[in-house]
Amino acid sequence: MGTFDRTPLSEEAIDQALDGLDGWALKDNTLHRTFLFATFREAMSFMVRVGFEAEALDHHPELTNVYNRVRVSLTTHDAGNKVTELDAELARRINHFSWI
């Protein structure tokens, strides 16, 4: 699994991380991405998978769901609600298994 730094990333480091994170954007010190699925069932299965990845990292995102849409927001609370390497790693893992 590895240990990921919980120190806030600089703007430059966030920009570099976003270069490799298709679909993600920075807003209000939080990484955001909205996933649109074919069905509610697909959206729910995606959220469960996010939960397993988040638990493995001991890092828990904000997830919101409306029917087939899931919005993921990532920030590190114990780093003053700033973006850290941990957020970037969870975003990479989500992109890796996402079928969208």
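Read the figures in this text as sums done on the coordinates, not as results from a lab. Please read all numbers here as calculations on a predicted model, not as lab measurements. So basically every Cβ, Gly included, is an ideal-geometry build from the backbone, and we count neighbours across all protein chains shown.
Roughly how many nanometres apart are two label points built 7 Å out from the Cα toward the Cβ at His77 and Glu55?
Result: 1.7 nm between the two label points.
In units of 2.2 N^0.38 Å, what is the alpha-carbon radius of gyration of the chain?
Working: Rg = 12.9 Å, N = 100, 2.2 N^0.38 = 12.7 Å.
Here the answer is 1.02, to two decimals.
Could you give the dipole magnitude of region 24-97 about its Cα centre, charging the beta-carbon of Lys and Arg +1 and that of Asp and Glu -1, in debye to the nearest 20? Let's see the in-between values first.
Values: 9 positive and 10 negative charges, 82 e Å.
Here region 24-97 has a charge dipole of around 400 debye.
With the crude spin-label approximation of a point 7 Å out along Cα→Cβ, what separation in nm comes out for Asp28 versus Val48?
Placing both labels 7 Å beyond Cα along the Cβ direction yields 3.1 nm.
Please compute the contact order of the chain in relative form: average sequence separation of alpha-carbon pairs under 8 Å and at least six residues apart, divided by the residue count, as a percent.
Numbers: 141 pairs, mean separation 37.2, N = 100.
So the answer I get is 37 percent.
Would you please give the FRET efficiency between Arg6 and Thr39, computed as 1/(1 + (r/R0)^6) with r the Cβ-Cβ distance and R0 = 35 Å, to the nearest 0.05?
That gives a FRET efficiency of 0.45.
Which of rounded, prolate or oblate describes region 25-69 when judged by the alpha-carbon gyration tensor and an a/c cut-off of 1.5?
Working: a/c = 2.82, a/b = 1.21, b/c = 2.33.
Judged from the Cα gyration tensor, region 25-69 comes out oblate (a/c at least 1.5, b/c at or above a/b).
Determine, for each peptide in 69-81, 3-15, the mean count of other beta carbons within 10 angstrom over its residues, then list the peptides with the highest first.
Values: 69-81: 16.7, 3-15: 13.7.
Packing proxy ranking, top to bottom: 69-81, 3-15.
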